[in-house]
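The values are calculated or read from the model by the stated rules, or taken from the named source; none is laboratory data. Just so we're clear, the structure is a prediction, and the values are computed from it rather than from any experiment. Virtual Cβ from ideal backbone geometry, glycine too; neighbours counted across all protein chains shown. Heavy atoms of the whole protein, side chains included, go into the accessibility calculation; ligands, DNA and RNA do not. Shrake-Rupley method; radii C 1.70, N 1.55, O 1.52, S 1.80 Å.
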Amino acid sequence: MSLNEEYVDSLYGSDADLERVKAGLDAHGMPQISVSEGYGRLLTMLVRMSGASRLLEIGALGGYSGICLARGLQNGGSLLSLELLKPYADVAKRHMTDAGLGERVDYRVGDAKESLAALVHEGCQFDFFFIDADKEGYLAYLDYALQLAVPGAVIVADNILLRGRTTDETKQGPAVQAVRAFNARIATDKRLKSTVLPGYDGLAIAIVKG
Ligand code: SAH
Ligand code: DHB
Ligand code: MG
């Protein structure tokens with residue numbers, strides 16, 4: 001983290017629900033790759049400011065971003081979270097419940113591309129998307145989000161800088177190439193208005209034009 005990122009994080013006291021997630025990730029041998037603290041706070045703000053009530057998360061891990069997203073919900077809203085690994089979804093659900101948000105969330109276990117295809121087939125719609133699963137899948141996830149979005153929906157994606165690999169021309173692996181293509185699409189797709197924040201590991205924020 002940069003000094004500036006450490007400074008802004010230090011302004012905030014520790015958050016018991018989110019600390020519990022981090023401890024739970026270690027306890028279950030899961031990776032510490034939750035969304036950054038600053039972007040977690042931003043997720044809560046974006047959900048609240050947009051008034052979104054039907055949230056879709058792609059990539060649950062231990063529920064850190066799920067807690068941040070669900071905290072932004074107002075009465076009646078809910079979060080659907082797609083996660084490849086059943087044990088991870090179970091851990092995430094536990095942490096959501098411990099944070100008092102268990103009633104707000106449902107999990108669909110399996111490859112997100114299959115879950116997304118099913119959601120399109122079922123005619124589901126969402127007004128907020130958080131893309132944070134395998135980076136090779138980002139373009140497909142954006143396409144599905146556009147199919148599932150109501151006009152004005154918000155689409156957020158984490159890790160668009162890949163800890164420096166995105167801007168390192170010597171890196172040409174599939175995840176890096178996919179994220180570069182994703183970023184170019186976010187910036188230029190006529191159906192979207194967007195910005196890309198370069199702090200932490202980079203965050204793309206778009207709205208689907210009405
Ligand atoms: N959003 C979480 C972090 C997600 S880490 C947070 O900030 O708290 C990425 C997650 O995506 C991991 O849990 C991983 O198991 C999941 N994942 C990877 N490939 C996937 C796929 N094809 N479909 C669904 N989930 C996937
Ligand atoms: C990493 C970080 C993430 O937030 C994520 O979703 C996937 C991977 C990482 O730092 O490797
Ligand atoms: Mg991430």
Inset, instruction - Once you have a ≥ b ≥ c as the square roots of the Cα gyration tensor eigenvalues for the range 1-88, tell me rounded if a/c is under 1.5, and otherwise prolate or oblate according to whether a/b is larger than b/c. - result: oblate
Legend entry - Label-point separation in nm, GLU103 to LEU146, each point 7 Å along Cα→Cβ: 3.8 nm
Inset, instruction - Take the alpha-carbon centre of the range 48-97, take the same for the range 178-203, and report the distance between them in whole Å. - result: 22 Å
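Can you give the accessible area per residue of the range 3-208, in Å², using a 1.4 Å probe?
Working: 9720 Å² over 206 residues.
Per-residue value: 47 Å².
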Legend entry - ARG48 versus ALA187: modelled label distance in nm, points set 7 Å from Cα along the beta carbon direction: 3.2 nm
Legend entry - Unit charges at the beta carbon, dipole of the chain: most positive-side option, LEU69, GLY164, ALA181: ALA181
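Rounded to the nearest 5, what % of the DSSP beta bridges within the range 3-208 are antiparallel ones? Walk me through the numbers on the way to the answer.
On the way: 11 of 30 bridges.
Percent antiparallel among DSSP bridges in the range 3-208 is about 35.
Go through the range 136-181 and name the trypsin sites (Lys or Arg not before Pro) that are in a DSSP coil and have 15 or fewer other Cβ atoms within 10 Å of their Cβ. Before the final figure, lay out the partial values.
Details: sites: ARG163, ARG165, LYS171, ARG180; in loops: ARG165, LYS171.
Hits after loop and neighbour filter: LYS171.
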Inset, instruction - Along each of the three principal axes of the Cα atoms of the chain, give the extent in whole Å, ordering the values from largest to smallest. - result: 43, 40, 31
Inset, instruction - Determine the relative contact order of the range 1-105: mean sequence separation of Cα pairs under 8 Å and six or more apart, normalised by residue count, in whole percent. - result: 26 percent
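Taking all protein chains as present, what is the carbon and sulfur share of the accessible area of the range 3-208, in % to the nearest whole number, probe 1.4 Å?
Working: 5210 of 9720 Å².
Carbon with sulfur: 54 percent of the solvent-accessible area.
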Inset, instruction - With label points built 7 Å along Cα→Cβ from the Cα atoms of SER2 and GLU114, find their separation and express it in nm. - result: 4.1 nm
Legend entry - Listed peptides 37-47, 58-68 by packing density, highest first (mean Cβ within 10 Å): 58-68, 37-47
